[in-house]
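First the structure, in the form of structure tokens, and then the observations on it.
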Amino acid sequence: MTKITKEQYEYAQSRIEELLPVVDGNNQKDRNAIELSMLSDVVIEYEKEYFPIEKPTVQELIANALTEKAMTQKELSQHIGISQSRISDYISGRAVPSLKIAGQLCLVLGIQPAAMLGL
């Protein structure tokens with residue numbers, strides 16, 4: 001695929017907004033559905049290049065999960081059986097959890113193991 005310009009990207013976004021209300025997702029032979037699919041590919045490719053989404057770090061995963069669960073570092077440390085300062089070390093990036101601790105963090109915080117491993 002050739003490089004997508006900003007103008008093409010903006011046109012694709014605008015046209016997608018027009019097509020969404022009129023496309024029936026069940027009719028793959030509909031011209032509008034085909035156009036919507038093609039324009040979606042254009043937007044995806046442009047955004048991959050210019051607006052990449054980085055994978056979260058272990059620190060971010062832990063911090064975000066604590067926030068989502070409204071759990072304190074102290075509560076987490078009690079669930080896992082390690083010191084609160086060790087949890088703080090993980091969140092600040094001063095330390096990386098062992099595989100055993102990472103597994104426990106995943107269970108307690110509901111983090112996908114693949115995300116914790118950076119996959």
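With respect to the stated conditions, Ile82 fails to be part of a helix (DSSP H, G or I) and either touching a helix residue (DSSP H, G or I) at 6+ places or on another chain (Cβ under 8 Å) or farther than 30 Å from Lys3 by Cα (or both). Of the candidates Ala33, Ala70, the single residue that is at pLDDT 95 or above and not β-branched (Val, Ile, Thr) is Ala70. Across segment 87-109, the number of residues qualifying as within 19 Å of Thr67 (Cβ to Cβ) and basic (Lys, Arg) comes to 0. Applying the criterion of at least 1 residues that are of a type in the set (Gly, Ala, Ser) and outside the structural domain of Gly103 (by TED's automatic domain parsing) to the helices (runs of 4 or more DSSP H) found wholly in segment 5-77 leaves 6-19, 31-50.
Residue count for segment 85-119 satisfying the condition of being in a helix (DSSP H, G or I) and in contact (Cβ under 8 Å) with a residue 60 or more places away in the chain: 1.
The values are calculated or read from the model by the stated rules, or taken from the named source; none is laboratory data. Nothing here was measured: the structure is a model prediction, and the numbers come from that model. For neighbour counting, all protein chains shown are included, and Cβ atoms are generated from backbone atoms with ideal geometry for every residue, glycine included.
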